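S.K.: Structure below; questions to follow.
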Amino acid sequence: MREGTSLARIKSKKVPSNSTTGIRGVYYNAKKGYWYAQIKFKGKGKHLGIFKTKEEAAKARKAAEERYFNPIIEKYSKPE
């Protein structure tokens, strides 16, 4: 655990077994007809937006992973 984040978890590309979309952090609300994207970082959930398509939600999630996860991964993956 580094800076309140599990490096193994953020490096993992594995999709949770209970995911119905096949994309980590992307959910569909059938009642409202929208896709939601979220990310959990340092123990806190961050809402990334509401989207009309699964692809837009996935793109937002990917951008958030790059923004939040990549700096931590790079910082602690460097040999000291």
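Readers should treat all values here as calculations from the given coordinates under stated rules, not as data from a laboratory. Only a predicted model underlies this, so the values are computations on that prediction, with no experimental measurement involved. Here the Cβ positions follow ideal geometry from the backbone for every residue, glycine too, while neighbour counts run over all protein chains shown.
S.K.: What pairs can you find where one residue is in region 43-63 and farther than 19 Å from Ala30 by Cβ, the other is among the charged types (D, E, K, R) and part of a helix (DSSP H, G or I), and their Cβ atoms are less than 9 Å apart, with a gap of 6+ or different chains?
M.R.: Within 9 Å, the pairs are Leu48/Arg61.
S.K.: Here is a further query. Working only within region 13-71, note down all residues that are surrounded by 10 or more Cβ atoms within 10 Å (Cβ to Cβ), under 24 Å from Met1 (Cα atoms) and of a type in the set (S, T, N, Q).
M.R.: Selection gives Gln38, Asn70.
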